[in-house]
Amino acid sequence: MKPRAEAPKIGAARTSGPTDEHLVRSALAGDRSAFEQIVRRHQRPLVNHLYRQIGHRDGALDLAQEVFLKVYLSLASFDPRYRFTTWLYRIASNCAIDHMRKKRPPTCALSAEPGDPTERVLDGVGLQGHPTPHDALRYRELLCRVDLAIRNLPPELRQLLLLRHRQHCRYDEIARITELPLGTVKNRIFRAREILRHELADLLESETP
């Protein structure tokens with residue numbers, strides 16, 4: 001196999017203390033507190049990630065517990081040559097996909113960032129400082145349009161888009177998490193962006209100076 005890649009930006013930023021991989025080794029050696037530390041470190045970003053995929057906070061909390069249980073039971077299969085977060089989010093994504101297959105995917109939010117097709121729309125709303133009531137209303141309306149466009153994406157496209165733009169994963173990390181070929185990941189994210197551009201075309205044009 002290829003050597004371990006550079007650490008991806010998945011979930012929360014790296015905290016001080018032992019690495020995830022060290023904690024996994026300690027947990028496998030019988031240190032129960034080590035796994036508890038893993039849960040404390042990753043619970044919030046994991047719940048947020050699941051919430052953006054399934055759109056329900058209580059469901060995301062329950063699903064996170066299921067993910068951590070699967071992680072605990074499968075610790076011995078973790079390959080330390082790769083990032084623990086890659087493995088964690090692969091399990092989480094599989095659980096979310098199984099959940100979404102049973103229920104219609106509800107709304108989830110996606111913040112704009114450089115390169116995102118909704119960036120020009122959201123950048124046109126000035127909510128910094130002291131926004132007027134009109135600005136706040138306009139911002140909420142734009143977010144509703146963006147949420148609806150993302151909701152209408154096919155689940156497999158929405159999942160990849162969220163991993164890219166919310167969890168800030170590199171393409172190769174997304175490929176490893178989803179177990180998809182790298183070319184497939186890039187193609188699907190491109191398709192998702194094109195769909196959003198089409199759905200939000202009127203907003204993009206209205207925000208052009």
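Each reported figure results from applying straightforward, stated rules to the coordinates on display, with no laboratory input. No experiment lies behind these values; they were computed from the predicted model shown. Cβ placement follows ideal geometry from the backbone for every residue including glycine, while neighbour counts extend to all protein chains displayed.
Descriptive notes on the structure:
- Linear extension gain, Y171 paired with F190, 0.36 nm per residue minus alpha-carbon span: 5.7 nm
- A full extension of the chain between A29 and R151 corresponds to an added length of 39.6 nm, given 0.36 nm per residue minus the alpha carbon distance.
- Extension gain, L182 to T19: 0.36 nm times the residue separation minus the Cα-Cα distance gives 56.0 nm.
- Couplings for the range 79-85, taken from phi via the Karplus curve 6.51 cos²θ - 1.76 cosθ + 1.60 with θ = phi - 60°, read 9, x, 6, 10, 5, 4, 5 Hz in order; Gly and Pro are left as x.
- Relative packing of 23-35, 78-90, 44-56, 172-184, which averages over residues the other C-beta atoms within 10 Å, highest first: 44-56, 78-90, 172-184, 23-35
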